[in-house]
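Worksheet for the structure shown next.
We did not get these values from a lab; they are worked out from the coordinates using the rules stated. Quick caveat, the model's predicted, so the values are computed rather than measured. All Cβ positions, even for glycine, are placed from backbone atoms using ideal geometry, and neighbour counts span all protein chains on display.
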Amino acid sequence: MNYLIDVQGTLIDDVNKRPIEGAIAFIDSLNKAKIPYVVITNNTKVSSVEFHQFLCNLGFSIPKNNYLDPFMALEKVLHVKAIRSFGSEEFIRVMNTLGYDQKAQKPEAVVIASKKDFDANDYASMIELVLGGAKIIGMHATSIYAKDKRRYPGVGAILEMLHYATGSEYSVVGKPSTLFYTEALKLLQKQADVKNFDEVTIVSDDAIGDLLGAKKLGMKTILVLSGKCQSEQEVLHVKTSLDVIVPTIGHIKGE
């Protein structure tokens with residue numbers, strides 16, 4: 001078995017950012033059995049190095065080569081430097097440190113990450129920039145953004161809104177893009193003889209934003225009900241695309 005493992009709502013909870021029961025033990029069991037895995041997160045709040053270290057500080061023994069987030073694949077999708085970022089202040093700061101020009105008069109791309117309090121003015125700015133010729137780039141395409149015990153439209157929902165409003169197509173860096181999953185597969189292949197996606201099991205709390213795209217590529221899907229999705233009732237419309245549903249990652253046998 002080879003695993004791709006989500007973070008928010010799967011390894012750590014969405015409220016206190018603490019390890020979910022059984023999560024550390026699950027990662028430890030994979031390490032002990034030398035089972036190939038990659039932790040795949042849609043982190044856009046801090047640099048890749050910082051977030052990986054944050055997980056390690058929580059007690060997760062995750063090697064650097066077993067970690068992937070959108071910043072690590074960004075240059076494969078975003079080929080221009082003149083951009084306008086929409087997301088948390090932390091995200092915009094990271095994009096500045098990566099050398100992107102966010103003060104250009106005519107941005108060539110609109111780059112969108114998670115934020116709980118986007119308002120009508122933000123959406124109007126996005127639409128105007130896209131109609132002015134900017135490409136739409138989503139750092140990921142989550143269906144729901146869970147924050148402060150509430151659930152907000154995820155970046156994926158915003159991307160669909162912009163597509164509907166402007167007629168423009170969009171590109172996605174992180175989950176569930178084929179590019180991102182392919183980068184994760186390459187990391188698995190450095191650990192073992194993994195040829196195709198049908199040899200991979202993905203574990204996530206986001207049925208639509210993570211698992212449906214993975215299923216289309218041939219992966220086995222495990223939904224945990226410890227994050228965005230909190231009951232089977234919420235995913236009845238996509239349940240046939242899910243192979244396994246469990247309460248938490250601690251209920252999965254790492255084998």
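One table, with the values for the structure above:
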| quantity | calculated |
| --- | --- |
| Rough spin-label spacing in nm, given labels placed 7 Å along Cα→Cβ, for ALA82 and LEU131 | 2.1 |
| Potential lengthening between SER171 and LYS149 on full extension [0.36 nm per residue; Cα-Cα distance subtracted] | 5.0 nm |
| Euclidean distance between Cα centres, segment 155-191 to segment 207-230, Å | 14 |
| Set LYS32/LYS64; LYS115/LYS228; LYS81/LYS195; LYS106/LYS147 screened for pairs whose C-alpha atoms are more than 27 Å apart | LYS81/LYS195; LYS106/LYS147 |
| For the chain, size of Cβ-based charge dipole, Lys and Arg +1, Asp and Glu -1, in debye | 340 |
| 0 to 90° range, to nearest 10: angle between helix 48-57 axis and the chain longest Cα axis | 40 |
| Theoretical gain in end-to-end length, LEU212 to LYS186 [0.36 nm per residue, Cα-Cα removed] | 7.3 nm |
| Spacing of the two label points (7 Å from each Cα toward its C-beta) at ASN196 and LYS103, in nm | 5.2 |
| Rounded to 10°, Cα long-axis angle of helix 23-33 versus longest principal axis of the chain | 60 |
| Residue with peak Gaussian network fluctuation, the chain [Cα springs, cutoff 10 Å], from LYS32, LYS239, LYS135 | LYS32 |
| Simple Cβ-charge dipole of segment 135-215, Lys/Arg +1 and Asp/Glu -1, about Cα centre, in debye nearest 20 | 240 |
| Cα centre as origin, Lys/Arg/Asp/Glu Cβ charges: segment 78-172 dipole, Debye | 220 |
| Among ASP117, ASP13, ASP28, residue whose mean-square fluctuation peaks in a GNM of the chain (springs only between Cα atoms under 10 Å) | ASP117 |
| Cα centroid separation, segment 58-125 to segment 17-36 (Å) | 29 |
| For the chain, built as a Gaussian network whose Cα springs stay under 10 Å, the top-fluctuating residue of ALA120, ALA165, ALA23 | ALA120 |
| Efficiency of FRET from Cβ geometry, GLU21 and LYS116, R₀ 22 Å, rounded to 0.05 | 0.30 |
